[in-house]
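Take a look at the structure set out below.
The values are calculated or read from the model by the stated rules, or taken from the named source; none is laboratory data. Treat the numbers as computed from the prediction; the structure is a model and nothing was measured. A quick note on method: Cβ atoms are made from the backbone with ideal geometry, for glycine too, and the neighbour counts reach across all protein chains shown.
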Amino acid sequence: MEQSDLICVRRTKGKGRGVFARKAIPKGTVIERAPVLLVPVQHLVGGLYSPVLARFFYLWNKKDVAISLGYGSLYNHSYRPNAEYCYGSMTITYTALRHIAKGEEITINYNGDPEDRSPLGFKVI
C-alpha cells in the first residue's frame, strides 16, 4: 500500500485535524485505500460507546471494530459529505462523491450512508 498523494492533514477550526485535498480531485476518484486493524469489541474499554475511542473506529461487523490506518481515522464528519467510504478485504476505500477543490476539507458521513441524517453522539459543527 502507498499513501495517497492527493491528500494531506491540516488543523481545522473547531475539529482538530482533518484531511484536505492537495490538488483538485474529480468525482469518482479513489482518494485513499487504507488498511485496517480489527479489534474485538470485547477489548474496548467502554465498549462501542467509549467517548474517546468511538471517534477513531469504524463498526466492521457484530464482533469487531476497525481502526483505519493511513489518514482514515482523521476524516471529519459532515451530513453533506464530499466523499464516502466502503469496506473491502481488510481495507477502507474513500471515494470522491463530487469534485473536490484543491485545499478543500474532505468529509464523510460517519453513519456510512452519505444521505443518513441520524444523530451522532456529539455536536456536529
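So Y85 ticks every box in (1) closer than 20 Å to G16 by Cα; (2) assigned to a strand (DSSP E or B) but one. Which box is left unticked?
Y85 satisfies every listed condition except (1).
Which of the residues that make up segment 75-115 are modelled with pLDDT of 95 or more and of a type in the set (A, V, I, L, M, F, W, C)?
A83, A96, L97, I100, A101, I106
Report, ordered by the first and then the second residue, all pairs with beta carbons closer than 7 Å, sequence separation of six or more or different chains, a first member in segment 38-63 that is within 23 Å of K15 (Cα to Cα) and assigned to a helix (DSSP H, G or I), and a second member that is at pLDDT below 80 and among the acidic types (D, E).
Listed by first residue and then by second, the contacts come to nothing, as the list is empty.
Output the number of residues of segment 16-50 satisfying the condition of being surrounded by 14 or more Cβ atoms within 10 Å (Cβ to Cβ), at pLDDT below 90 and among the small types (G, A, S).
The number of residues fulfilling the criteria is 1.
State whether one or more residues within segment 65-72 are at pLDDT 90 or above and under 15 Å from N109 (Cα atoms).
Within segment 65-72, none of the residues are at pLDDT 90 or above and under 15 Å from N109 (Cα atoms).
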